[in-house]
Ligand code: GAL
């Protein structure tokens, strides 16, 4: 049950992590004055405050938190209150050294940083739930309490843990999954390399080994670690549900690609409000493309509902090799970029930049320079804009294209001893997403996972993208087939549908899970070395080429769209198309039958764009607004018959769009209603959120 509608009052929430324990009491008074000035509506309070709340095993100090809660409430700031269990105090690690996590090589991780606790530790569970119970009971009726924030970014630092506690818990998990040891032996293929287990106690985590570890063991260990942490979360959730059944509960995910330890599709079923943290990685070629992908992924996890951006940064972070500061206007663009893709809250880490500790060079809403600063002025401006977007809250993002994402496929794909270490899960997913973004088309990144009870229904989408879905369960393959049967265009890329959920190869020719749907059969993979470029004939687009991958492919019931000219398989199709049903060969667009496309190489951007534009045209998917320059993001949120068009201009040129309505950012009429202008003009680096004139908003066809 999702409770996001009940969360934190009206409008787009604006605020961030508040850690008053880092500051003297008099600073708090200044804090709330500044919060009011900036339009802060919520804070996440006390996330790392366990050692302040319980300074010794038998000592509790809640007075300071009482004061902070009262002060925030008196100043109209809602509190997303932490259960404060993210990092145990030093006394805890000293008293229970067995709770410290252990790396694969046996190294123990010491106290002195954060999150130094083992995911399987029941000692930790006991103390964390006791703290959660104390906090929940004390603040259950406090008027500032609006939501529970359980722990913080589970798994950020403490997985995988390979300690003996985890080993014992792993055995229990395995028996629950496979029934008995024979089941484990079969799933892991232990007939190979003399790995057959005779007793469950012989099984250990995949610790440092002489050469390649058993892939089934590695895959299951990742599943197990995700489940172990989910168990820790659910233990606290159970306490909160019991003490405060009506208060929504969340824990902040990390849905970006550099964190891949948790199966968030499984976790998402257990939060009332889906929240995530997102930090821009300065070294990426196109950081905003990654932001867009992650936001679309977060929305997918939320089942299309609005979600909360719990943390991002006003400017630089402190944990990248070089921490690039945001330039004027960038914080606004990043923030509205998230709202444009479904966020109903803009949270930051953290309210006040610390003056001591490991994160003192991380930006905050109040910078070291104080309020006489460009950054603070931008914060105040952003708060005002967030306030003006109140009516957008609760609306949903329009998208007609789905892109599948599966953590289990990721975990299985990125293992050792595969045909090519150059095949990285997510690379082609990002290629495709970036290509659609260049064409102004919004994508839902839809999570699939064997660990969830319901496979997503893909039948409402006109296009379904299946990039590198190496591990594909029968249920997922059936969901893709159902979408194709319903008329969608399905695009499957190389190294998809190869193994089942046990990481066993599907025999009879690749890609076993999609062979019939695609009408192709692959006898052998033919990956190419880094730097090798594979020329394609010009049928897709002149000059297109592939890298990374080729294969001995035969069309059994498909036509070649383009073929390799050189490389290991000259003359062999590199992209194929199988028309499906109804309108095949006759008209295109809405109502026509779909098609199953297969891509057997990593297409360069020109080839990718040529392919996706052809697929979109055949599927009848148009850009949100036509003729938008690359670098300008346009998305639409909709609520019944009302809609809002978001325009985020990342380029250094003004953009004009033929859109009419009322811009909530500039508070001006635009387009037809603005006779002087006639068009929406968005300045270089600027943003607009246009409440569309009702008769102008195009309702999607049923
Ligand atoms: C997040 C974390 C915050 C802070 C932030 C810095 O991972 O939740 O506590 O460390 O990163 O970017």
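The values are calculated or read from the model by the stated rules, or taken from the named source; none is laboratory data. Just so it is clear, the structure is predicted and the values come from calculations on it, not from any experiment. Don't worry about glycine lacking a Cβ; one is built from the backbone with ideal geometry, like all the others, and counts go over all protein chains shown.
Things to note:
- Within segment 112-125, the set of residues being within 30 Å of the chain's Cα centre (by Cα) and more than 16 Å from the ligand (Cβ to nearest atom) comprises 118, 119, 120, 121, 122, 124, 125.
- Matching residues, segment 149-173, being within 16 Å of the ligand (Cβ to nearest atom) and outside any loop (DSSP other than H, G, I, E, B): 149
- Of the residues 241, 299, 234, the single one that is away from the ligand (no atom under 16 Å from the Cβ) and in contact with a helix residue (DSSP H, G or I) (Cβ under 9 Å, 6 or more places away or on another chain) is 234.
- Residues located in segment 450-478, provided they are closer than 22 Å to residue 495 by Cα and surrounded by fewer than 23 Cβ atoms within 10 Å (Cβ to Cβ): 450, 451, 455, 456, 473, 474, 475, 478
- Residues being outside any strand (DSSP E or B) and either modelled with pLDDT under 80 or within 18 Å of residue 628 (Cα to Cα) (or both) - total across segment 657-685: 15
- Only a single criterion out of (1) without any contact (Cβ under 8 Å) to a residue 60 or more places away in the chain; (2) not in a helix (DSSP H, G or I) is not satisfied by residue 40, namely (1).
- Looking across segment 302-343 at every residue that is in a loop (DSSP other than H, G, I, E, B) and within 22 Å of residue 268 (Cα to Cα), the one that is farthest from the ligand (Cβ to nearest atom) is identified as 304.
- For first residues located in segment 279-299 and outside the structural domain of residue 330 (by TED's automatic domain parsing), partners that are more than 15 Å from the ligand (Cβ to nearest atom) and lie 6+ apart or on another chain with Cβ distances below 8 Å do not occur.
- Per this entry, residue 246 is counted among residues that are at pLDDT below 95, assigned by TED's automatic domain parsing to the domain that holds residue 147 and farther than 14 Å from residue 405 by Cα.
- Qualifying positions in segment 43-86 - away from the ligand (no atom under 16 Å from the Cβ), part of a strand (DSSP E or B) and under 30 Å from residue 10 (Cα atoms): 78, 79
- The strands (runs of 3 or more DSSP E) falling completely within segment 396-478 that include 1 or more residues that are more than 19 Å from residue 256 (Cβ to Cβ) map to 401-405, 463-466.
- Within this structure, residue 401 passes the test of being under 26 Å from residue 345 (Cβ atoms) and surrounded by 20 or more Cβ atoms within 10 Å (Cβ to Cβ).
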